[in-house]
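Asker: One structure, as structure tokens, below. Some questions next.
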Amino acid sequence: MRQQIVAGNWKMNQTLEEGIELTRLILEKIDKPKGLVVIAPPLTHLKEIGKMLKVRKHFHLGAQNCHQEEKGAYTGEVSANMLASVGCEFVIIGHSERRQYFKEKNDVLAAKVNVVLSKGMRPIFCCGEPLHIREVDTHVGYVAKQLKASLFHLNEADFRKVVIAYEPIWAIGTGRTASSQQAQEMHHAIRVLIAKKYGKGVADSTSILYGGSCNAQNAAELLSQPDVDGGLIGGASLKADDFAVIVAAMK
Ligand code: PEP
């Protein structure tokens with residue numbers, strides 16, 4: 001059975017004090033999740049929030065990005081080693097906002113995946129198409145290219161540690177969600193692609209999360225799809241009640 005995972009990406013939101021309170025509420029409202037819950041707060045909060053999560057089973061600490069180099073003169077950046085040293089177990093790589101605003105390309109993302117794995121953490125690798133690609137019906141090929149370019153150099157043992165998040169860009173933070181049918185179609189296509197490269201056993205055990213305006217109202221429907229193994233949640237992860245409902249929707 002593959003793991004069900006709901007990950008909250010707080011992005012650049014919450015002061016430390018607010019983040020601690022949000023974490024306290026999340027831990028209070030979520031008792032025994034059916035799968036893993038990952039919280040990815042801003043860098044400045046990792047240590048404190050990590051301490052709160054550590055004492056609870058099924059809760060894990062994640063980061064939103066890291067630099068591809070091991071260390072060095074990269075002012076303002078953070079390394080995978082630093083993230084591991086404060087207890088991170090997951091790192092989101094290739095979020096569409098990183099691709100768009102920080103011009104992160106597939107080859108840099110492949111290097112980030114490598115460094116995260118080399119420090120014993122698991123990448124949550126984001127892929128997804130912009131609206132104009134969806135409109136001309138080439139979204140499956142577009143996402144396949146992203147996965148091939150940034151993940152398919154991995155050996156099987158490393159690939160098994162990767163979590164994939166399919167996030168159609170037109171659905172992120174827009175309130176416009178992919179229909180459960182659109183999500184299932186793409187998740188299935190991704191699984192078929194993985195099976196071709198690594199075999200059915202690996203494909204069947206890879207967790208593929210959906211992200212893009214997933215909220216308390218639509219989570220049950222989206223997460224019930226056979227190839228949707230949880231969610232990467234932005235806006236709704238900042239509201240403890242809504243996040244708890246989404247976590248409860250895991251299969
Ligand atoms: C995200 O940023 O990964 C995301 C899915 O955001 P939202 O849920 O706000 O659309």
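The values are calculated or read from the model by the stated rules, or taken from the named source; none is laboratory data. Here the structure is a predicted model, which means the values were calculated and not measured. As a convention, Cβ positions derive from the backbone with ideal geometry for all residues, glycine included, and neighbour counts pool all protein chains shown. The accessibility values were calculated without ligands, DNA or RNA, using every heavy atom of the protein model including side chains. Shrake-Rupley method; radii C 1.70, N 1.55, O 1.52, S 1.80 Å.
Asker: Only one of these conditions is not met by Ala7: (1) assigned to a loop (DSSP other than H, G, I, E, B); (2) among the aliphatic types (A, V, I, L, M); (3) in contact with a Phe, Trp or Tyr (Cβ under 8 Å, 6 or more places away or on another chain). Which number is it?
Answerer: Condition (1) is where Ala7 drops out.
Asker: I'd like to verify a number: residues in segment 74-101 that are part of a loop (DSSP other than H, G, I, E, B) and free of Cβ contacts under 8 Å to residues at least 12 places away in the same chain, how many?
Answerer: Matching residues across segment 74-101 total 4.
Asker: Taking Asn114 as meeting all but one of (1) in contact with a strand residue (DSSP E or B) (Cβ under 8 Å, 6 or more places away or on another chain); (2) open to solvent by 50 Å² or more (accessible area, probe 1.4 Å), write down the number of the exception.
Answerer: Status for Asn114: all satisfied but (1).
Asker: Going through Gly50, Gly35 one at a time, which residue ends up being open to solvent by less than 50 Å² (accessible area, probe 1.4 Å) and within 17 Å of the chain's Cα centre (by Cα)?
Answerer: From the options Gly50, Gly35, the qualifying one is Gly35.
Asker: Across segment 214-233, what is the total count of residues that are under 22 Å from Pro41 (Cβ atoms) and open to solvent by less than 20 Å² (accessible area, probe 1.4 Å)?
Answerer: 6
Asker: Still on this structure, I have one more. Name the single residue, out of those in segment 136-176 being hydroxyl-bearing (Ser, Thr, Tyr) and open to solvent by less than 60 Å² (accessible area, probe 1.4 Å), that is farthest from the ligand (Cβ to nearest atom).
Answerer: The selected residue is Ser150.
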